[in-house]
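The values are calculated or read from the model by the stated rules, or taken from the named source; none is laboratory data. Bear in mind that the values here come from a model prediction, so they are computed numbers and not experimental data. Neighbour counts run over all protein chains shown; Cβ positions are idealised from the backbone, glycine included.
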């Protein structure tokens, strides 16, 4: 019983202090966006938003990670932003689609599911993404 109480107390504190934590994290990442640790920090920020049910913020954060820290030939030449880890990019693309779905931005969700499946066709979540995109197309297009 004591462990459950401590867990619930910690969960409540995390939920209450999350908006402040998110703002601090965003400021720190934006002022150090070319640092080698920036993609991981952006990924953790997106996860924080996602797991605290802040799906609009999660979509923004995952979208930023996917668009800014994904390996792209033009950035490799210009020495731009660091590149995120492949596992982080895959999970970010999947959760970006889920976040759009949860905030009922269905056209963006369909596009994100399709982009995820196109980039990671054999990922363990690709089957779910395919079926969810098909379901959303049937219901909202």
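The residue that is modelled with the highest pLDDT, counting only those in the stretch 26-45 that are surrounded by 13 or more Cβ atoms within 10 Å (Cβ to Cβ) and farther than 16 Å from residue 63 by Cα, is 35.
Of all residues in the stretch 81-90, those being outside any loop (DSSP other than H, G, I, E, B) and touching a helix residue (DSSP H, G or I) at 6+ places or on another chain (Cβ under 8 Å) number 3. In summary, residue 104 fulfils each of the numbered conditions (1) at pLDDT 95 or above; (2) more than 8 Å from the chain's Cα centre (by Cα); (3) assigned to a helix (DSSP H, G or I) with the single exception of condition (3).
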